[in-house]
Every structure is written in structure tokens, then in C-alpha cells.
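Trainee: Let me begin by handing over the structure; questions about it come next.
The values are calculated or read from the model by the stated rules, or taken from the named source; none is laboratory data. As the structure is a prediction and not an experimental result, all values here were calculated from the model. Positions of Cβ are backbone-derived with ideal geometry, glycine not excepted, and every protein chain shown enters the neighbour counts.
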Amino acid sequence: MRRNRTIWPGHAIVYEVVQYLASVCDGVIKRDGHGFRSDHVAYGHWLAQLPEAEWGAEEHRHARSIVPVYREQLHRAGFNPEQTLGQRRPPRVKLRQVERLQTGWTPDPTGHTGMRWWNGARWTSAIV
């Protein structure tokens, strides 16, 4: 039987990127390179708390305009901002490569929380 190649788990949509940025943001209390800049804090957190189904054209447009600002930060977290903004299909990878990725709760590399969920390709917004 032929097995389909798995889609790379690092692919994300703009909504997931905003969720992640809000989860590591401390409201610009520290200049640590995590989360939103001061001019994006209020709107970014507001977008993150809205369910994706309630995002309209304006919210999508604004979120897509701020993602490039955090390109380097997102790369460090395992996201691919170019792919997210390009809305291309995620690349396919060999099953063996995906099986090597270890998912689970690990110490938060940002130091903001105790533990953060690593999905095998990037840090998610799930924290403990």
C-alpha cells in the first residue's frame, strides 16, 4: 500500500502567527524581542482574543501587514512567515523526517512561562 507523504507541521496561517505573538508578548514591559512592539500591542492582543471566524477583511489585512515586522522572531520560533503570507500549500516531507520530530511540553525558551508546547516544528501558543 502506498503511503501519502505528510504535510510539514511548521506551516501556519496568519491567525496562528498572531496567536503565538500574543502568547509571548508581555506588553512591552521588557525589550526582549518577544511579542509585539509597542505600536502593535493593543491591536495584536485584541486580534488574538477574537475567534478566527470573527475576523473580517480589515482584521486579515492588518494582521498580514504586521507579520513581516516580526519575521526574524517568527523564524526563531519555527514559523515560516513567507509561506504564511504567500498562502502556498505547505511542503511535503518524508515520513521518516516527521517521525523524528519530538512533540511535547518543554521549558519555554522565551523564559516568560514554565512550559510551552512544541508541535515538532515550532512553538505554539499553548502554555502551562
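Trainee: Assess whether residue 31 counts as being at pLDDT below 70, within 19 Å of residue 13 (Cα to Cα) and outside any helix (DSSP H, G or I).
Mentor: No; evaluated as a whole, the condition is false for this residue.
Trainee: I'd like the full set of residues that are among the hydrophobic types (A, V, I, L, M, F, W, C), modelled with pLDDT under 65 and buried (at least 17 other Cβ atoms within 10 Å of the Cβ), limited to segment 5-28.
Mentor: The initial filter retains those residues of segment 5-28 that are among the hydrophobic types (A, V, I, L, M, F, W, C), namely 7-8, 12-14, 17-18, 21-22, 24-25, 28.
Now drop any that are not modelled with pLDDT under 65, which leaves 7-8.
8, the sole residue that qualifies.
Trainee: Which pairs do you get when a residue that is more than 18 Å from residue 23 (Cα to Cα), found in segment 97-124, comes within reach of a residue that is of a type in the set (A, V, I, L, M, F, W, C) and modelled with pLDDT of 70 or more, reach meaning Cβ atoms under 9 angstrom, with the pair 6+ apart or on two chains?
Mentor: Once the first residue is more than 18 Å from residue 23 (Cα to Cα) and sits in segment 97-124, its partners that are of a type in the set (A, V, I, L, M, F, W, C) and modelled with pLDDT of 70 or more give 101/118; 102/118; 103/117; 103/118.
Trainee: Would you point out which residue out of 96, 89, 61, 2 is out of contact with any Gly (no Cβ under 8 Å at 6 or more places or on another chain), over 20 Å from residue 123 (Cα atoms), modelled with pLDDT under 80 and part of a helix (DSSP H, G or I)?
Mentor: The unique qualifying residue is 96.
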